[in-house]
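The values are calculated or read from the model by the stated rules, or taken from the named source; none is laboratory data. As the structure is a computational prediction, the values presented were derived from the model and not from experiment. Methodologically, a virtual Cβ is constructed for each residue, glycine included, from the backbone with ideal geometry; neighbour enumeration extends over all protein chains shown. Each accessible area value is taken on the protein alone, full model and side chains, heavy atoms only, with ligands, DNA and RNA left out. Shrake-Rupley method; radii C 1.70, N 1.55, O 1.52, S 1.80 Å.
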Amino acid sequence: MNHILYEPTFFEKDDKILCIFGDKPFWIVGDKSLKPIVNFFLNDLSFDELQTILINDFKYSDKETKETIETIYLIFDSASLFSIQQDENYNPIDIDNNPPNPVINVTRRCNLKCSHCYADANNGQNASQELNTAELKRIIGLVMSWADSKHYDRRVLLSGGEPFIREDIMELIQYIADNNGEPFVNTNALLIKEEYMSALSKCKAELLVSLDGARESTHELIRGKNTFDPTIKKIRRLLEHGVITKLSITIHKDNLSELEEFIDLAVDLNVAQVAINPLNILSRAKDSQLQRVNLIEFYNTLSKISKKSSRHMYYVERSDYANVGAILLMNLKFQYCGVGSASLVIDYDGSVYPCYNTMISELKLGNIRYDNLDSLWKTSPLLKKLRKLNVNSFSADCQKCPVKYYCGGGCRGEAYFTNGSFISKCPYCSDMKTSIIDLMFQLSGQDNQMFQNRVHFFQEKQVFYGQRRLDSWAWSKNI
């Protein structure tokens with residue numbers, strides 16, 4: 001019989017065994033009889049030895065032994081574990097001709113000074129270097145033309161700083177709408193004037209409003225005094241005017257305990273969506289006292305919240321927790337995080353960066369005031385270097401890690417910010433690894449409707465380019 005050509009790594013939890021073939025990658029969870037069965041397919045056990053173990057230790061019958069071996073063989077064969085070859089259906093994306101939808105930071109100025117701000121934004125920033133109205137309209141037009149050429153939706157993402165600090169922000173939003181675009185704006189909402197709201201609704205603008213807690217004290221720990229109640233009032237007014245309003249919360253160690261209360265608030269407000277993002281230790285966050293949340297605790301909290309109601313499920317289903325679970329079920333393979341191939345940021349002064357987490361001077365690609373954006377995307381030496389990143393060239397821990405192709409080595413921007421190297425170890429590597437392993441066990445033993453819904457979304461939207469890989473398995477002799 002054929003034998004497996006990939007080295008497995010085993011993990012045990014309660015009465016289950018998780019087996020990960022890290023270099024494929026493929027994973028399967030089963031009862032404890034799975035381990036000797038895998039060892040048989042590795043040629044480490046003879047059939048007689050396996051049969052003795054299954055009958056004596058796991059009370060298999062002769063019929064169950066035969067059926068189980070045949071079943072596992074078919075699973076492993078369908079996963080191509082008996083041969084080392086490139087998957088026939090793998091079609092890597094033509095990156096040069098498939099640019100992403102860039103984020104446009106229209107300002108670095110802000111009416112607040114949040115302790116975790118990646119952009120180090122504040123009201124002391126000089127407005128004289130900002131792109132003017134005409135320049136921004138040209139950039140907006142370019143972004144929409146990129147979308148047209150690739151058949152993307154025509155969304156234009158405006159961020160900052162605080163976009164509504166600009167006097168021309170409504171002119172820019174109206175310009176996007178008038179040209180059949182979809183305006184998306186990241187905002188703290190405090191500077192949105194009452195007279196803007198009807199126009200925002202007519203433009204079908206989508207606002208992502210930052211709210212960093214369900215209580216005044218927690219939110220204002222990040223955003224400053226006298227900001228919570230005014231933010232809630234603005235959110236309610238936006239919703240009353242029919243503005244598409246979403247909430248965004250950055251989760252850290254000090255506000256995880258009220259995440260359920262936060263989602264309850266979102267349900268009460270009936271906002272369109274909720275973005276739930278773990279804290280990134282970048283820029284100003286590095287100098288704060290804020291700490292990253294433990295990912296297993298974070299995921300377990302979201303799992304509990306999702307069961308409260310269909311609306312709670314709706315919000316959690318659109319979180320990174322659901323995304324990671326869907327990725328594991330789809331068994332997708334990531335060489336690295338995608339910086340340089342799946343993201344682009346145009347900053348307030350025209351500077352262009354690979355992503356939000358690489359906005360430092362030495363990583364600037366050029367400036368849209370005097371560089372052609374399409375040329376930058378196709379010819380930038382830094383982007384070409386980033387696109388060659390591979391988790392197998394990262395740290396020694398990455399190279400031998402069984403989940404390396406599921407995390408892709410983590411955020412390369414944070415690795416660079418922390419260690420000064422794109423191939424260094426991600427600062428929260430261990431936490432990410434244990435959370436992925438724990439989630440694999442979870443996926444094998446619970447109702448996965450939320451994750452399956454996300455799988456269907458990714459498939460319908462063709463979110464992930466290239467190969468659609470074989471689904472992973474949860475198995476036991478009783479299934």
## Note on the structure
Picked from region 283-322 (must be open to solvent by 30 Å² or more (accessible area, probe 1.4 Å), within 18 Å of the chain's Cα centre (by Cα) and of a type outside the set (A, V, I, L, M)), the residue nearest to M359 (Cα to Cα) is R292
### Query
Which number in (1) open to solvent by 30 Å² or more (accessible area, probe 1.4 Å); (2) closer than 30 Å to I251 by Cβ; (3) not β-branched (V, I, T) marks the one condition that E167 misses?
(2)
### Summary
Selection from region 201-222 of residues open to solvent by less than 30 Å² (accessible area, probe 1.4 Å), assigned to a helix (DSSP H, G or I) and either in contact with a helix residue (DSSP H, G or I) (Cβ under 8 Å, 6 or more places away or on another chain) or not hydrophobic (A, V, I, L, M, F, W, C) (or both) yields T218, H219
### Task
Determine whether region 408-419 contains at least one residue that is farther than 16 Å from W27 by Cα, part of a helix (DSSP H, G or I) and touching a Phe, Trp or Tyr at 6+ places or on another chain (Cβ under 6 Å).
yes
### Message
Restricting to region 100-118, count the residues that are out of contact with any strand residue (DSSP E or B) (no Cβ under 7 Å at 6 or more places or on another chain) and either over 18 Å from Q291 (Cα atoms) or of a type outside the set (S, T, N, Q) (or both).
### Response
11
### Task
Hey, can you tell me all the residues within region 188-200 that are surrounded by 15 or more Cβ atoms within 10 Å (Cβ to Cβ) and of a type in the set (S, T, N, Q)?
N188
### Task
Find all pairs meeting these conditions: Cβ atoms under 8 angstrom apart; at least six residues apart or on different chains; first residue within region 71-82 and of a type in the set (F, W, Y); second residue in a helix (DSSP H, G or I).
Y73/F41; F76/F41; F82/F76
### Message
For region 32-49: of the residues being among the aliphatic types (A, V, I, L, M) and in contact (Cβ under 8 Å) with a residue 12 or more places away in the chain, which is most open to solvent (accessible area, probe 1.4 Å)?
### Response
L42
## Note on the structure
Per the filter on region 223-237, residues assigned to a loop (DSSP other than H, G, I, E, B) and β-branched (V, I, T) are T227
#### Entry: Candidates D268, D254 - the one that is among the charged types (D, E, K, R) and in a helix (DSSP H, G or I)
D268
### Message
Cβ-Cβ under 9 Å, sequence separation 6+ or interchain: first residue in region 407-435 and farther than 18 Å from G338 by Cα, partner small (G, A, S). Which pairs?
### Response
T418/S424
### Task
Filter region 365-386 for residues that are surrounded by fewer than 18 Cβ atoms within 10 Å (Cβ to Cβ) and closer than 23 Å to Q335 by Cα and give the result.
K378, T379, P381, K384, K385
